[in-house]
Every structure is written in structure tokens, then in C-alpha cells.
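Trainee: Got a structure for you, questions after.
The values are calculated or read from the model by the stated rules, or taken from the named source; none is laboratory data. Treat the numbers as computed from the prediction; the structure is a model and nothing was measured. Neighbour counts run over all protein chains shown; Cβ positions are idealised from the backbone, glycine included.
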Amino acid sequence: MRLILLSLSAAACLVHLPLLANGQEGIHTSRSGRPLALPKGDDMFHFVIYGDRTGGPPEGIAVLEQAVKDTNLLDPDLVMTVGDLINGYNQETEWMEEMREYRGVMNELRMPWFPVAGNHDVYWRGKNPEERPELEHEGNYEKHFGPLWYWFAHKDHGFLVLYTDETGDASKPKSFQDKDQIQMSQEQLDWLSQSLKEMKDLKQVFVFLHHPRWLSQYRESNWPEVHQRLAEAGNVRAVFAGHIHRLNYGGVKDGIEYFALATTGGSMPGHMPQIGYVHHLNIVTVRDEGMSMAILPVGSAIDPRLYGKERLGELDALRTLTIASAYGPLRLDAEGSINAEYAARCHNPTSEPIEITLTALPKQGDWRIMPSHRHLTLAPNETRDLAFRVQRSASSMEGFALPSLTLDIDYLEASGARVTLPSRQFEMPVTLSSALPEAWFAAGDNKVLQLGGEGALRLDSKSLELSAESPLTLEAWIQVGEGNKGSHGVLAKTENSEFGFFLHEGQLQFDVLVGDSYQSVQTPDKLAIGEWFHIAGVYDLNEVRLYVDGKRIGTKATSGPRKLNTHPFYVGADPSSRGQATRHFRGKIDEVRLSRVARYEGESFERRHRHEPDADTVLLLHLDQSVGGVFHIDHGPNAAHAVAVGKGAVLASEDLPALDTD
């Protein structure tokens, strides 16, 4: 439901006039400017009206509870109803339970509320008609809710309640479909005439009843006689009713406006506000010269105090929450098949419980995911796994697509409110088996990775475990392409943590987060577009060093631990807070190697076109071949094969520049 923020005070109308050089009465300022119109100074007040509560499922009481919360935020002078407060149509025991439930909710209002009797409130139904009380539940209603008809004054305005379910013949069961029972009794008509005389000096009178007797289905009622008395009074401004569970505006007749409300928890065919079906409350603004009114869907009043720093921080944490793989990526065999368990590790980083639902998207090509969805509730700071069985039969890797899950999160506040965050989709991490045919690792044609600004290679964090106490070296060959304005990730695992290479307006920067901040070294000049460069970033626990083409560019002393994360490592992009590829690089990349040792020190070292794996190698991508254009083989010992994501990450034949021999 779209949320609506409503100001209860009418906004002052601003008139475009020339600037003033001096002051204006009522406006206090030390500046000159266009004169401002002051707001109205007359007395005014607000009241709220609820529609029918009944006829729907028992859960409708929750709608009424929310309406009460909304109303307390709006803080009107009083609340009116239009009848059908309880489901009724029952015997006394059940009636009393429903009455207590309704009053218990309404008594949470911080202002007075006033009942109106509807058919559900006074109709008795039982198995034995002989046990039917003569006036059914009228006695119970008046004892526990209030008089069937009454009026009161508030701030020189009148509120008049009428009763539209008089029996007529007490020997017959109550029925609003009986034409004899849709008449106002002479007793009530006489009382109405006397009451209107007593209210003649009030500025305006508002009338409340249950059945909208002015509609065509009540054409045999004596409503014309009632209307005539209201019109002759001269100060009746509006009549409000319920019963039909649909908004209906009856227009103006003899200066009296007619309104039928929909529901505040009652039955409806669906939420369709445009055609009059909506759980709502009406907020009425009363001034001496008339009234104005607005319909507020239940739940649309928002407490601005909810948007404090701590709560917003928790909701932001959930909005960007990532689901980690408990066991690392799923691994396809050489034929592209798999039958394995995927466990999504779910963590609640907030101080309130959350509900998480993971749903497998239907019709995912060759993939079969069971069950179709999983659901759990996590206590604050709790971590649990949700397991799925993932299967894929041996088949071609052409047109390969990763399996996906939809993530839905509800934040459960202590107040009972539920905040539903937008649904998100994420791909299950999939890579190739660690036991691939030896032929797949044979040297082939020399190729490089070509990136067009939309695609990248992704490597699962669990495949690249590198301790916070370990030194590291990250190196590659890169060629900067056109269109890298701003900041772009070249090789990155950063997100307020970890390490990476970035291109900032053409200048290369190596970052490692040590202690509380990034320690960075940047080239003084832009890297030339279209030229190949060997880049190497080294962290040896004491300093960060940047090398370009084997020459040291600069250093930065460090102290403290290196901060880790569980986000993927990207070749050609930067991970977002959700672990998705962002700030894509345009250009070419080759020979990516990550090591758990500081490989280079001193002023310079001898570059090599092709890196070789050893015991300190964490990752080695020669980028000479792919499987189905999706998987790029890791020639290091961890089998951390990369997965192509996005568009435009393709292999192209190209030779690296000749190396200096002197």
C-alpha cells in the first residue's frame, strides 16, 4: 500500500507579489522579501470516522488495531463510528466475547469514541427461535456500548446518532430486508425533532447512522421524512453511514452532504481504493464556515519518530543484507551436472526478530531446486542455515545461467508492527569442480579478458580464503580503454574492508584496509589509454606498495589488523554493499594472480608475461580459455574458478607487449 503523509492543517496560500523593503505585520524577520500570507486564525477541530468492522474474517480486528494507532498519531478531538462494531448474529455468550474484544481495541484510543448501532450489533441468531429475546441484542448493546440514539455538542457543533434497525413488530426477527423494519419509529422521529430544536444554536450538526437510507435499496423507508426534518433545521451539514462496505458519495441535497463509508476491518472483495473498496478512516476538519474531509487508508499515518538513526540503520542493514553460502560455491562436474546441497547462511544483524523467506524462481532452465521455498524467523544476532537440494543433469554449457533465489525479509518490531522490505533476487554461487580433466589446463592460444563496462568475473569469497594476518600480492596485466571516467574497480574485493585496484579518473590506486581506514598508494599520472601495463600491489604487514611495470610508484606505512569481508572478488568491477558487481571497468585484463606472500620488494623487479602457480598462490587466472563462455579456470591450487556475470566479459586473442631485456 502506498503510504500517505497528511498535514491536518490547511496550508497557507502564497500570493506572488513584489519584494518588500520593509517589514510586514505578523511576520518577524531581519530580512526583506515577498510578503507571506498568514494562516487562518479561526477556531477549528478534527474528528475521525471509522467504517464497518464486521462481516469479514476474524483477522479484521488487526485492521481496527492499526486504525487506532493511526488515529492516535493524528490526534483528533474524537472518533465516530457508523455501526457494525462486532460480527454479532449470535447468542449472548459469543456476543459478549466480541464486545469485549472490540472495546478492548477501541479503549486504546487517546480520545473519546462514540458508538453507532448496526444490524450486526443488535441481531440475535440461535438454533432455537423460541429463545430469541424480544428486542434481540438491543439491551446488550445499550448496556455495553451506549444508547441507540443520542446527541452531544462539542465546540459549538452537534453530533447526532440515529438508529436504523428498529424492529417495528417485536414478534418478528430483525431483518433490514423487511420493508416494515426499515422505518424510523415515531418515538425516534419525535426525539429527532426535539433534539434538532435543542441544537438550533449550534454552528453545524453532523449525523451518524448505519444504513444509508437515502440509497435506492431503501426506497420504501421513511427516510424522506427524516431528511425533511434535517433540512428544516438549517444547520445539518453532513450525514454519514456504513453498511454497504464501499465508498459512496450521495451528493448534496438541501445543503446536506451524504457519505457512505467502506470498511475499517470489515469484509471486502479486495483492496481496490479506486473503485471504493478500502480499509480506511475519514479525517474531518471542521471550521465555522464548513468542513473538509479526506480518506486515509488504514496504515497510512506514519509516526515521524520512527525514523531515528538506530532504526534506520537496522533497516538499511536488512535492505542490503547478503546471503552467504555456508559451504562455498556449488561445483559442477566436467559434464555440467550436479546433485548437491546448497545452504544459505542467514544472519540477523538487528536488535529485533526478522522473518526470512527464500524462494526458488520457477522454470530455471536445467536446474531443479527443492523445496520451492524455505522460511525461518531469526532472533536478534542469530545465524542459521536454510538448505536446498540443487540438481542439474549433464548437458551443454552453452547458454548457461546461474540458479537464483528470491529473498524476502520482514522486520518485526517490538510494537507489533511489521516492516516488509523489497524483494531481492540473488544468484547461487556456482563454479566448476576441483577435479577437472587435465586437458582443460593445457596451455592454449594466448588470450586476454575484454570488458565493455557491463560484465565482470566473480570469484566466491570462500574459494579465496586469505587470513587477516597474511601478507598479500595482487597483480595483473591491464589495458585501460575509453570511457573510464570517474571511479572504476579493476580488481576488487573491497567494501569498507579488504583490498583492490581502482582507476580514479585514469589514475591507478591500490587500497588495503588496515586498522580503521584504507591505506592507499596512487600513480601520479593517468595510465595511457590503449597501452598494456603490469600492475602489482603488495601488503607485507608493515606497508602497502604499488608497482607499475616493475617499478615502485610509492609506499604507505601501515599498522593494525587487516579487515576481511565475505563479498566476492571481482575482476573488472567493484563489489557493492550487497556483493553485486558495480563501477565496471572498460578495457582488457590478463594474468591475474593473488598470493599470500609479499612477492616484490625494493625499487623494481623483472616482469613476466605469464605467472606460474606455487604454494603461495591463492588465485591464478591465465584467461586463455573458458567453459561455455561462463567459467574461467583457476590454475592455482584452490580451484577458485571464476564465473562471468553481466554482459560483455569475453576472451579476445591478443599478445602482451614485448618485455625489456636490459
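Trainee: Would you confirm whether any residue within segment 526-533 is buried (at least 23 other Cβ atoms within 10 Å of the Cβ) and on the phi < 0 side of the Ramachandran plot?
Mentor: No.
Trainee: Now for a different question. Identify all residues within segment 302-322 that are closer than 18 Å to ASN381 by Cα and assigned to a helix (DSSP H, G or I); write none if there are none.
Mentor: Start the filter on segment 302-322 by keeping residues that are closer than 18 Å to ASN381 by Cα, which leaves 310-322.
Result: GLU310, ARG311, LEU312, GLY313, GLU314, LEU315, ASP316, ALA317, LEU318, ARG319.
Trainee: Among the residues of segment 227-243, is any of a type outside the set (A, V, I, L, M, F, W, C) and closer than 20 Å to ALA67 by Cβ?
Mentor: For segment 227-243, residues of a type outside the set (A, V, I, L, M, F, W, C) and closer than 20 Å to ALA67 by Cβ: present.
Trainee: Do you know which residues across segment 299-324 are within 17 Å of the chain's Cα centre (by Cα) and more than 30 Å from GLU495 (Cα to Cα)?
Mentor: Those that are within 17 Å of the chain's Cα centre (by Cα) and more than 30 Å from GLU495 (Cα to Cα): GLY299, SER300, ALA301, ILE302, ASP303, PRO304.
Trainee: Related question: Find the strands (runs of 3 or more DSSP E) located wholly in segment 338-405 whose residues include 1 or more that are under 15 Å from GLU427 (Cβ atoms) and of a type in the set (Val, Ile, Thr), and list them.
Mentor: Counting at least 1 such residues, we get 338-347, 354-360, 367-370, 383-392.
Trainee: Give PHE400, PHE388 a once-over and let me know the one that is under 27 Å from ALA581 (Cβ atoms) and at pLDDT 90 or above.
Mentor: None of the others qualify; the one that does is PHE388.
Trainee: Can I ask one more? Out of the residues in segment 432-466 that are small (Gly, Ala, Ser) and in contact with a Lys or Arg (Cβ under 8 Å, 6 or more places away or on another chain), state the one that is modelled with the lowest pLDDT.
Mentor: For segment 432-466, the residue satisfying everything is SER434.
Trainee: Which of the residues belonging to segment 525-547 are β-branched (Val, Ile, Thr) and more than 17 Å from GLY587 (Cα to Cα)? Write out each step before concluding.
Mentor: Within segment 525-547, the first condition is being β-branched (Val, Ile, Thr), and the residues that meet it are 529, 535, 538, 544.
VAL538, VAL544, listed by residue number.
Trainee: Do we find a residue being among the basic types (Lys, Arg), within 24 Å of ASP549 (Cβ to Cβ) and either in the same structural domain as ALA492 (by TED's automatic domain parsing) or touching a residue at least 12 places away in the same chain (Cβ under 8 Å) (or both) anywhere in segment 574-591?
Mentor: yes
Trainee: In addition: Just to be sure before I move on: is GLY299 modelled with pLDDT under 95, out of contact with any strand residue (DSSP E or B) (no Cβ under 6 Å at 6 or more places or on another chain), closer than 30 Å to LYS69 by Cα and in a loop (DSSP other than H, G, I, E, B) in the structure I sent?
Mentor: Taking the combined requirement at face value, the residue satisfies it.
Trainee: List, please: which pairs have Cβ atoms under 9 Å, are six or more places apart or on different chains, and start with a residue in segment 393-407 that is acidic (Asp, Glu) and end with one that is surrounded by 12 or more Cβ atoms within 10 Å (Cβ to Cβ)?
Mentor: As it stands, the answer is GLU398/GLY628; GLU398/GLY629, since those pairs meet every condition given.
Trainee: If you scan segment 564-607, which residues turn out to be on the phi > 0 side of the Ramachandran plot and touching a His at 6+ places or on another chain (Cβ under 8 Å)? Write out each step before concluding.
Mentor: In the first step, residues of segment 564-607 are kept if they are on the phi > 0 side of the Ramachandran plot; the result is 572, 579, 583, 587, 591, 602.
Selection gives GLY572, GLY579, ARG583, GLU591.
Trainee: Quick one: in segment 129-143, of everything that is modelled with pLDDT under 95 and assigned to a helix (DSSP H, G or I), which residue is surrounded by the fewest Cβ atoms within 10 Å (Cβ to Cβ)?
Mentor: Looking at residues that are modelled with pLDDT under 95 and assigned to a helix (DSSP H, G or I), I get GLU130.
Trainee: Moving on. I'm checking my understanding of the structure. Among residues of segment 610-662 that are exposed (fewer than 15 other Cβ atoms within 10 Å of the Cβ) and of a type in the set (Asp, Glu), which one is modelled with the lowest pLDDT?
Mentor: ASP662
Trainee: Among the residues of segment 323-331, is any closer than 17 Å to HIS46 by Cβ and part of a strand (DSSP E or B)? Can you show your working first?
Mentor: Kept after step one, since they are closer than 17 Å to HIS46 by Cβ, are these residues of segment 323-331: none.
No, the conditions are met nowhere in segment 323-331.
Rundown of residues vs (1) in contact (Cβ under 8 Å) with a residue 40 or more places away in the chain; (2) of a type in the set (Val, Ile, Thr); (3) out of contact with any Ser or Thr (no Cβ under 7 Å at 6 or more places or on another chain); (4) closer than 30 Å to GLY299 by Cβ, yes/no style:
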| site | (1), (2), (3), (4) |
| --- | --- |
| GLU25 | no, no, yes, no |
| HIS28 | no, no, yes, no |
| GLY33 | no, no, yes, no |
| ALA37 | no, no, yes, no |
| GLY41 | no, no, yes, no |
| GLY60 | yes, no, yes, yes |
| THR71 | yes, yes, yes, yes |
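Trainee: Next question, about the same structure. Please work out which residue is surrounded by the fewest Cβ atoms within 10 Å (Cβ to Cβ), limiting yourself to segment 451-467 and to residues that are of a type outside the set (A, V, I, L, M, F, W, C) and closer than 18 Å to VAL430 by Cβ.
Mentor: LYS462
Trainee: In addition: Taking THR473 and the conditions (1) buried (at least 17 other Cβ atoms within 10 Å of the Cβ); (2) among the polar types (S, T, N, Q); (3) at positive phi, which numbered condition does it fall short on, given that it satisfies the others?
Mentor: (3)
Trainee: In the set GLY146, GLY168, which member is touching a helix residue (DSSP H, G or I) at 6+ places or on another chain (Cβ under 9 Å) and surrounded by 14 or more Cβ atoms within 10 Å (Cβ to Cβ)?
Mentor: Criteria check complete, one pass: GLY168.
Trainee: Additional query: If you check THR93 against the conditions, is it over 26 Å from GLU166 (Cβ atoms), part of a helix (DSSP H, G or I) and either of a type in the set (Ser, Thr, Tyr) or not assigned by TED's automatic domain parsing to the domain that holds PHE240 (or both)?
Mentor: Details: over 26 Å from GLU166 (Cβ atoms): no; part of a helix (DSSP H, G or I): yes; either of a type in the set (Ser, Thr, Tyr) or not assigned by TED's automatic domain parsing to the domain that holds PHE240 (or both): yes.
For THR93, the condition - over 26 Å from GLU166 (Cβ atoms), part of a helix (DSSP H, G or I) and either of a type in the set (Ser, Thr, Tyr) or not assigned by TED's automatic domain parsing to the domain that holds PHE240 (or both) - is not met.
Trainee: Among the residues of segment 163-177, is there at least one that is of a type outside the set (A, V, I, L, M, F, W, C) and not in a loop (DSSP other than H, G, I, E, B)?
Mentor: no
Trainee: Return only the number of the condition from (1) in contact with a Ser or Thr (Cβ under 9 Å, 6 or more places away or on another chain); (2) among the polar types (S, T, N, Q); (3) closer than 30 Å to TYR600 by Cβ that GLN425 does not satisfy.
Mentor: (3)
Trainee: From the list SER433, SER415, SER393, SER404, pick out the single residue that is in contact with a Ser or Thr (Cβ under 9 Å, 6 or more places away or on another chain) and of a type outside the set (A, V, I, L, M, F, W, C).
Mentor: Going through SER433, SER415, SER393, SER404 in turn, just one is in contact with a Ser or Thr (Cβ under 9 Å, 6 or more places away or on another chain) and of a type outside the set (A, V, I, L, M, F, W, C): SER393.
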